Amino acid sequence: MNISTPRRAYRQSARALAAEETGERILDAFAAELRQNWFDEIKLEDVARDAGVTVQTVIRRFGGKEQLLAAVHDRMGAQILQRREVRPGDAAGVISALVKDYEEIGELVLRSLAQEDRYPAMRAMTDIGRAMHRQWMAAAFEPWLGPMSEEDRRRALDGLVVAGDIYVWKLIRTDLGRPLSEYRDLVEKLCSAAVGIDRAALFKHPETGTLK
C-alpha cells in the first residue's frame, strides 16, 4: 500500500494552512497599526513583531506597506460587503448594517480618509469605498429609486448617500456623543426625506410589515 501521496498531501495542506494563518496575523497586526498610527509612522518591524514573524516574512508574503494596505483594504472590503448584505427594499436593514459597520470600523475608515490626500494608495482605497457605498445605497433603495426620472433619482441617491455617510455617524456618535438610537433616528429621517416616502412606511420590515 502506497501511503506517501496522502502523507505528502497532508503536509502540503498543513503548510498552506499555516501560511494562511501567518498572513492573517500579519494583516491583523497592520490593521491594528492603522488604527493607532498614521501611515508614515508605521514600521514593518512593529508589524512583524506583533504578528510573531520576521520582517523578511512580511516582505516575502506581502511586500512593502502599500501592498499591505491594499491587502487590508481587500479584506476589509469583503467584511464590509458581508455586514452590508441587505435585500433591496429593506430600508430598516440598511440602517442596521450602517450601525454595525461604522461601530466596527468607523474610526479606521476616518483615519484613512484623513490621510487620503497624502498617499495615493490611501486615496485609491477611499475612492473605492465611496463608489461601493453609493452602489450599495442605490441597490438597497432601488424599489423607490427605480420609478423616478433620471434627475430625480440622482438627487434622491445623493441624499441617501449623505444620510448614510460616515461623517454623519462621526458627528452624532463621536463629536456629540449621542446614543445609537439618536443616530438611527436621524438617518431614518434623512433617508425618508431623500426618497420622499413616509418614514413609517419606508422602515417597515419587507416580510412582516411591522416596524423593526
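The values are calculated or read from the model by the stated rules, or taken from the named source; none is laboratory data. Because the structure is a prediction, the values reported are computed rather than measured. Heads up, the Cβs are rebuilt from the backbone with ideal geometry, glycines too, and the neighbour counts pull from every protein chain shown.
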Check: Any idea how many residues of region 90-105 are touching a residue at least 60 places away in the same chain (Cβ under 8 Å) and surrounded by fewer than 17 Cβ atoms within 10 Å (Cβ to Cβ)?
Finding: 2
Check: Mind checking whether some residue in region 70-90 is on the phi > 0 side of the Ramachandran plot, part of a loop (DSSP other than H, G, I, E, B) and in the same structural domain as PRO143 (by TED's automatic domain parsing)?
Finding: yes
Notebook entry, point to check: Is it the case that LEU186 is in the same structural domain as ARG130 (by TED's automatic domain parsing), under 14 Å from ALA91 (Cβ atoms) and not small (Gly, Ala, Ser)?
Noted result: no
Check: What pairs come up if the first residue lies in region 119-140 and is in contact (Cβ under 8 Å) with a residue 40 or more places away in the chain and farther than 16 Å from LEU34 by Cβ, the second is in a helix (DSSP H, G or I) and of a type outside the set (Gly, Ala, Ser), and their beta carbons are under 6 Å apart, counting only those six or more places apart or on different chains?
Finding: MET137/LEU160; MET137/VAL161; ALA140/VAL94
Next item on the list: Run down GLU66, GLU85 and say which single residue is under 26 Å from GLU103 (Cα atoms) and loosely packed, with under 13 Cβ neighbours inside 10 Å.
Entry: GLU85
